[in-house]
Structures are given as structure tokens and as C-alpha cells.
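Only one structure is covered here, and it is reproduced in the block below.
Just so you know, all these numbers are worked out from the coordinates, no wet-lab data involved. The structure displayed is predicted, hence computed values, not measured ones. Heads up, the Cβs are rebuilt from the backbone with ideal geometry, glycines too, and the neighbour counts pull from every protein chain shown.
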Amino acid sequence: MALIVQKFGGSSVRDDERIFNVARIITETRKKGNDVVAVVSAQGDTTDDLEAAAARINPNASKREMDMLLSAGEQMSAALLAMAIESLGYPVVSLLGWQVGVKTDSNYRNARIKSISSERINAELARKNIVIVAGFQGINKYDDISTLGRGGSDTSAVALAAALRADKCQIYTDVDGVYTADPRIVKGAKKLEEITYDEMLELATLGAQVLQNRSVEMGKKYGIPIEVLSSLEDKPGTIVKEVVKVEKMLIRGVARDNDVSRLSIIGIKDTPGMAFKIFSALARKRVNVDIILQSVGRDGTKDITFTVPKSQSKDAIEVLHEMLPSLNAMNVICDDHVSKVSIVGAGMETHPGVASKMFEALYEADINIQMISTSEIKISVLIDMDDADKAVQVVHDAFIK
Ligand code: ADP
Ligand code: ASP
Ligand code: MG
């Protein structure tokens with residue numbers, strides 16, 4: 001008998017019919033003699049709706065109260081799913097994050113899991129219960145509820161699989177695996193049989209929302225293979241693991257991220273220590289800086305441009321405005337209408353010409369590149385948001401036949 005952790009995302013439980021569909025997947029797995037722990041997300045757009053309700057009441061609500069609110073979505077779906085399983089005649093119990101000992105740090109809205117105690121779940125499994133766990137949530141050292149960032153139920157599932165030493169971790173979603181690009185946007189996107197943790201981590205971090213990046217990090221750290229598959233079609237999905245079969249693929253995927261703002265500080269005094277001043281002040285405000293570009297100094301001044309997540313641009317601009325006099329700089333410019341388009345693949349490390357091929361595809365489509373950043377296994381470009389869909393398609397066409 002195996003222990004299987006199965007996670008079901010928001011679209012997989014969006015209405016009564018889908019809840020029963022998931023209940024059947026779980027009970028079928030149980031019928032085959034397995035122990036099942038199922039992690040569930042909030043139904044459909046519930047989390048978005050709760051965010052919108054909060055914004056109407058108080059756009060500056062504290063993060064603590066936001067987590068109190070957002071975690072409610074998963075409580076509802078966990079209970080409804082348990083009721084559906086009860087009605088099919090199986091023993092079941094639903095539990096919240098704190099009840100299964102998901103301990104997190106105190107970074108509300110984006111908390112990290114620090115530990116999980118397996119006691120309660122093991123006791124329920126010993127009683128022959130199917131266990132349903134509300135994803136996306138935990139409890140911090142103040143006994144307050146925290147949430148794990150958007151898409152965080154994926155991470156709840158992989159963390160539980162690690163803590164319980166599960167034999168399998170399956171992430172059920174509304175597509176049948178990980179593709180070379182978002183199959184809802186890109187024509188000709190191909191399903192991957194396998195992908196390495198490192199490549200999936202890059203794709204997830206660069207905007208492929210099919211898995212939360214922290215879930216991939218967790219899978220890699222604890223050596224848990226993650227299977228991504230459809231809750232609507234019974235067929236094999238994609239396995240995320242350490243080593244994959246050698247395939248003649250230069251790049252594994254293309255991703256797009258619209259959650260980017262570009263900030264420029266213009267006319268900074270061209271002396272040592274300016275970058276340190278700027279980025280240490282941003283770090284103190286917990287702003288995550290991504291691509292950084294500094295112009296060559298001219299007439300004693302220079303410009304520094306960088307990107308941050310959209311949600312942090314207000315904080316960043318505040319910090320920068322306060323600093324302008326001490327930098328001797330003229331002003332700060334912010335552009336929210338940008339997208340980051342990236343290609344990812346371990347193969348590019350050993351193949352020259354990958355960057356130029358990407359830039360050629362963008363040039364032929366008449367798309368202007370604003371910024372570029374590279375690492376061993378990825379190349380990202382910042383472009384106008386209006387060009388993003390076209391950019392992903394032409395870059396995908398250039399590499400994946
Ligand atoms: P869930 O509600 O199950 O957590 P998500 O909406 O978070 O589902 O993630 C699934 C979605 O991710 C898909 O519907 C698809 O549009 C999107 N997606 C983006 N990039 C990819 C990719 N490379 N492969 C598969 N799906 C992707
Ligand atoms: N319900 C949360 C969200 O929408 C968590 C998740 O779906 O994984 O982000
Ligand atoms: Mg998700």
C-alpha cells in the first residue's frame with residue numbers, strides 16, 4: 001500500500017460537479033488500496049473575489065487580516081470535498097493548516113513553511129480516514145494564520161509529501177501537464193513528458209503559473225518527484241524530477257510574466273557607492289529587485305534602471321523619492337506596462353547562438369527589447385506589454401518545431 005498526496009487546484013473544484021469529480025479521483029485511488037492525503041485550493045476565483053472584497057472595505061488592510069480572510073476559501077472547499085466523499089460512503093476528515101501543524105514564518109501573504117508535524121495526519125490515516133487538507137495556509141509563532149503566496153497550495157502539497165514521506169505527489173490541474181509554453185496562449189505548445197527541477201523552477205519563477213516556484217524548490221530539496229496532470233482527463237502528465245531523459249531540445253520552455261514594473265533613476269551622480277545606496281535602501285524595504293541596468297556615465301551622471309514586482313513598485317518609488325537629494329539625482333520614472341518574456345533550457349549552456357536566435361525572432365516581429373538578462377539556463381527580455389503575446393509565440397516558433 002502506498003501513501004499518495006494529491007493536490008487539486010481552484011478550477012478542479014470550481015463547482016459541485018467538479019467537486020464530485022475530484023471526490024471520485026480520490027476514492028478511486030483509495031479503492032486501489034492506497035492511503036490518500038488530498039490538498040485542496042479555494043474554488044474557482046474565490047481568492048480573487050476575497051481580495052477584491054478586502055480592497056472595497058479597506059485598500060490598506062493589514063496583511064494579517066488579509067490572511068485571516070484569504071485562508072477562508074480553502075476551508076470551504078476542504079469541507080465541501082469531505083462532504084462529497086462522505087456521500088460516496090468513504091471515511092474522511094478535513095483539516096486546516098494549523099490542525100496538521102503547518103508552521104510558517106511571520107511573513108504574512110507570502111509565508112514560508114518552516115515545519116510540518118505528521119502526527120495528526122498519521123493518526124487519521126491509521127483510523128482509515130481519507131485526509132483532506134486546506135492548502136495555502138499555515139500558522140506562525142504568534143498562533144496567527146498565514147498564507148503562502150498565490151499558488152501556494154502546490155507548496156502545501158509538496159511539503160506534506162516530504163513530511164509524510166509519501167510515495168507520490170500528484171498536482172491535478174486544468175491542463176494535462178507542463179508544456180513548452182502556456183497551452184492556452186501559444187499555438188503549437190508541446191507537452192513535456194519530463195522536466196528537471198532546475199528548469200521547472202526557472203519557468204515557474206519566470207511566470208509559468210502551473211506550479212508555484214516554491215513547490216519546485218521544495219521538491220528538489222527533498223527529492224520528491226512531482227507529477228502534474230489533468231483532473232478532467234485520465235492520462236499521464238509531466239514528471240518534474242532531478243534528471244530527465246536526454247532529448248534534443250535546446251530550450252525546454254517559454255514563459256511570460258506581466259507582474260513587472262520598470263523603474264529608472266535619472267541623473268545620478270557618477271561616483272562610487274550609488275548602487276549600494278539605492279539597492280540597500282530597497283532591500284531594507286523588502287523590495288525584490290530583478291533585472292538591473294546601469295548606463296555608462298556621461299557628464300558626471302548616470303542612470304540606473306531595474307525591475308520589481310508590480311505590487312512593490314509603490315514602496316520602491318517612495319524609497320527612491322526620499323533618496324533623490326542624497327543621490328544628486330533628477331527624477332524617478334516608472335513604467336507598469338511591460339512584460340518579461342523568457343526562454344529556459346539546460347541545453348543552452350553548451351550551445352552558442354541561442355540568444356541571437358531569440359533576438360532575431362523578436363526583430364523579425366518588430367518587437368523592441370528594453371532590457372536583457374541571462375543566466376546559465378535562461379534568457380529574459382523586457383518588452384512592451386502589448387507585444388507580449390506575439391513575442392511568446394514567435395520565440396516559441398523559433399525554437400520548438
Ligand atoms: P490550479 O488552479 O490548478 O492551481 P493554475 O491556474 O494555477 O491552476 O495553473 C494552471 C494554468 O497554468 C494552466 O491553465 C495554464 O494556462 C497555465 N500555464 C502557464 N504556463 C504553463 C505551461 N508552461 N504549461 C502548462 N500550463 C501553463
Ligand atoms: N487559492 C490560492 C490562490 O488562488 C492558492 C492556490 O490556488 O494554490 O492563489
Ligand atoms: Mg495554481
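The Kirkwood radius of segment 138-270, taken over pairs of alpha-carbon atoms, gives through the Stokes-Einstein law at 37 °C and 0.692 mPa s a diffusion coefficient of 202 µm² s⁻¹.
Using a cut-off of 28 Å between Cα atoms, the listed pairs K190/K241; K7/K31; K235/K401; K128/K241; K168/K390 include K128/K241; K168/K390 as exceeding that distance.
Along its first, second and third principal axes, ordered by size, segment 110-154 spans 34, 23, 14 Å in Cα coordinates.
Ranked highest first by average number of other Cβ atoms within 10 Å, how do 310-318, 272-280 line up?
Order by mean packing, descending: 310-318, 272-280.
Segment 25-50 and segment 306-358 have Cα centres lying 38 Å from one another. Once the gyration tensor of the Cα atoms in segment 236-278 is diagonalised, the equivalent ellipsoid follows with semi-axes of 43, 15, 11 Å, ordered largest first. Counting only DSSP beta bridges whose two residues both lie in segment 1-153, roughly 30 percent are antiparallel.
Relative to the globular-protein estimate of 2.2 N^0.38 Å, the Cα radius of gyration of segment 9-106 stands at 1.22.
Comparing L211, L88, L250 in a Gaussian network model of the chain, where Cα atoms under 10 Å apart are tied by springs, the biggest mean-square fluctuation is seen for L88.
Scan the chain and note any complete DSSP helix (H) whose C-alpha atoms cover at least 24 Å along its axis and whose Kyte-Doolittle average is -0.5 or more. Helices passing the filter in the chain: 63-87. Taking 32 Å as the limit for the C-alpha separation, the pairs K103/K248; K221/K314; K103/K314 exceed it in the case of K103/K248; K221/K314. Annotation: lysines with alpha-carbon distance below 18 angstrom to K302 (same-chain offsets under eight excluded): K269, K277. In terms of Cα atoms, the Rg and Dmax of segment 88-169 work out to 12.6, 40 Å. Can you tell me which aspartates and glutamates have their Cα less than 12 Å from the Cα of K63? Leave out same-chain residues fewer than eight positions away. Partners found: E51, D144. DSSP assigns beta bridges within the chain; of those with both partners inside it, close to 60 percent run antiparallel.
Segment 145-172 and segment 225-266 have Cα centres separated by 18 Å. Taking the helices alone, the chain has a mean residue ellipticity at 222 nm of -11000 deg cm²/dmol, built from -39,500 (n - 2.57) per DSSP H run of at least 4 residues and averaged over all its residues. When the Gaussian network model of the chain links Cα atoms closer than 10 Å, the mean-square fluctuations of V338, V308, V319 top out at V319.
Between R256, R184, R14, the residue with the greatest mean-square fluctuation in the GNM of the chain (Cα pairs under 10 Å linked by springs) is R184. Kirkwood-type hydrodynamic radius, the chain: 22.7 Å, calculated from all non-identical alpha-carbon pairs.
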